[in-house]
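The values are calculated or read from the model by the stated rules, or taken from the named source; none is laboratory data. Predicted, not measured: the structure shown is a model, and the values here were computed from it. Using ideal geometry, Cβ is built from the backbone for each residue, glycine included, and neighbour counts are taken over all protein chains shown. Note: areas computed on protein heavy atoms with side chains; ligands, DNA, RNA excluded. Shrake-Rupley method; radii C 1.70, N 1.55, O 1.52, S 1.80 Å.
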Amino acid sequence: MLRNVLGKTFRFLGYTVQYGCIAHCAFEYLGGIVVCSGPSMEPTIQNSDIVFSENLSRHFYCIRKGDIVIVKSPNDPKSNICKRVIGLEGDKVCTSNPSDFLKSHSYV
């Protein structure tokens, strides 16, 4: 009787650990559910919208102009911010007043 109960308990724990590892790998490498904060992406993404993010583009270095990226907020590391990519490394970004642009925008 005790052997049967211990066997079932260890089997359950083994399955729990296996499914936990699969879930961790899925959320780490494939994608996950993210809550974005901030009004900067309105009307495309509203404040506190829940979005599904995929991580494969980051791993394969295929981020392009126009894509939306989700990063940790520099002011509050517990929250995420969503930004549209307007330039990549080596691109020139023209603005009307560069000093205003540098003060109000984040670079990730």
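A compact table of results
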quantity	calculated
Answer from S99, S57, S106, S37 - the residue that is at pLDDT below 80 and in contact with a Pro (Cβ under 7 Å, 6 or more places away or on another chain)	S106
Strands (runs of 3 or more DSSP E) contained entirely in segment 17-80, each with at least 3 residues that are touching a Lys or Arg at 6+ places or on another chain (Cβ under 9 Å), in contact (Cβ under 8 Å) with a residue 12 or more places away in the chain and of a type in the set (V, I, T)	68-72
In segment 47-79, the residues that are of a type in the set (G, A, S), surrounded by 10 or more Cβ atoms within 10 Å (Cβ to Cβ) and within 23 Å of V93 (Cβ to Cβ)	S57, S73
Top-ranked residue of segment 81-90 - restricted to ones that are open to solvent by less than 60 Å² (accessible area, probe 1.4 Å) and not in a strand (DSSP E or B), ranked as modelled with the lowest pLDDT	G87
Sole residue being exposed (fewer than 11 other Cβ atoms within 10 Å of the Cβ), under 14 Å from C82 (Cα atoms) and of a type in the set (S, T, N, Q), chosen from T16, T9, T44	T44
